[in-house]
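Beneath this line is the structure, given in structure tokens, with notes to follow.
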Amino acid sequence: MPVDRPIYDSFPDPVVLLDENRYVIYANRAARELLECRAEGGDLAMSIRHPAVLDAIDRLRSGAKEHVTEVSFPVPVERTFELNALRIEASEDAMQAPVHDVLFFRDVTQAVRAEKMRVDFVANASHELRSPLAAVLGFIETLKGVASDDSKARGRFLDIMERESLRMLRLIDDLLSLSRVEANEHVRPRGTVDVRAALRAAIDIVQTRAQAHGVDFRLSLADRLPVVVGDADQLTQVFRNLIENAVIHGPRDSSIEITVETVKRIPESGRTGVVVHVRDHGGGIPKDVIPRLTERFFRVDPARTRAGPDSSTGLGLAIVKHIVARHRGRLTIESAKGQGTTFSIYLPSDIPPLPTPVP
């Protein structure tokens, strides 16, 4: 079986060719980029350590002609593949490359995510919408009955019904936004973004709410920041969510400090990039709950989410987490009691943009 590298490199899904000793003869471009598999040389286990992949090779060695299984890789973002492992019959042509086994990885991430999103959306929407819907229906029943002629009670009930209806709208908007982000999390952005421009756009959106709380912004922007590979709208949404959280949960008549600077080494990745720090001067967050902040619907203070125009849906930081993951970045949270909280977004600047696909 000859190794035609240009043809294999044109495949959108990973393909890995192995010899009889499980050494990599060749890995196409998709395998190198998506699975970080070495192009050639070395045992497969040195590049792909997933037990299901190695088990597929063992099955071929035990006499199977083909083995199909599903494989998930959790980093840098979770992707799911249908693995088709094939045994190649020995060729009499000694001039051909000694390909013994072939691994075809078909990317089914989109389908798996779509099904998970459908299940999660139904479960989350039905659970979170139940309380406000029950409240609205209860007030409607009251207005049609004992309070039908009570103008004072009617005005109060209508205000509550309006507030609960707006909360349901925000919840649905955030659920749809989270679903869209999760659907494309495994697909790297193709554009480039000026972080300062995205940050200023986010501040403009939040400015009115900040003024209502008496909150001002203190910006510190480094000179000559590198652009990052990213989606400008999504990064603007990240900064908006973090700044809104700082406004809502920080004290009134205070300042929010926003710092943007370059970093030579992003934590846990070693890449160079840009970091954006958003710091409030609130009461801080208990250390034991910090790891849970990006969970869906998790709220440090649930009592605050049931009333008022600033009520939270509990999805903002979950959206931030998935967008940052799509950008191959990192989110860190630091907080101390009485000293406020700092959210930091690290975005790599050394990842080359992907080529725009030809229509």
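The values are calculated or read from the model by the stated rules, or taken from the named source; none is laboratory data. Note that this is a predicted model, so its numbers are computed, not measured. Using ideal geometry, Cβ is built from the backbone for each residue, glycine included, and neighbour counts are taken over all protein chains shown. Ligands, DNA and RNA are excluded from the accessible area calculation, which covers all protein heavy atoms including side chains. Shrake-Rupley method; radii C 1.70, N 1.55, O 1.52, S 1.80 Å.
Among Arg200, Arg218, Arg209, which is among the basic types (Lys, Arg) and within 25 Å of His327 (Cβ to Cβ)?
On the way: Arg218 fails: within 25 Å of His327 (Cβ to Cβ); Arg209 fails: within 25 Å of His327 (Cβ to Cβ).
Within the list Arg200, Arg218, Arg209, the selection yields Arg200.
For first residues located in the stretch 143-157 and modelled with pLDDT under 80, partners that are part of a helix (DSSP H, G or I) and open to solvent by less than 80 Å² (accessible area, probe 1.4 Å) and lie 6+ apart or on another chain with Cβ distances below 8 Å form the pairs Ala147/Ala153; Ala147/Phe157.
If a residue must be of a type in the set (A, V, I, L, M, F, W, C), farther than 30 Å from Glu261 by Cβ and either in contact with a helix residue (DSSP H, G or I) (Cβ under 9 Å, 6 or more places away or on another chain) or in contact (Cβ under 8 Å) with a residue 12 or more places away in the chain (or both), how many such residues does the stretch 167-195 contain?
Adding up the residues that qualify gives 6.
Please count how many residues of the stretch 250-295 are touching a residue at least 60 places away in the same chain (Cβ under 8 Å) and open to solvent by 70 Å² or more (accessible area, probe 1.4 Å). Final tally of qualifying residues: 4. If you go through the stretch 61-86 and keep only what is modelled with pLDDT under 90, open to solvent by less than 80 Å² (accessible area, probe 1.4 Å) and either hydrophobic (A, V, I, L, M, F, W, C) or more than 30 Å from Ser269 (Cα to Cα) (or both), you end up with Gly63, Ala64, Phe73, Val77. Across the stretch 184-214, the number of residues qualifying as open to solvent by 60 Å² or more (accessible area, probe 1.4 Å) and in a strand (DSSP E or B) comes to 1. Residue check: Thr259 meets all listed conditions (1) in a helix (DSSP H, G or I); (2) polar (S, T, N, Q); (3) modelled with pLDDT of 90 or more but one, namely (1).
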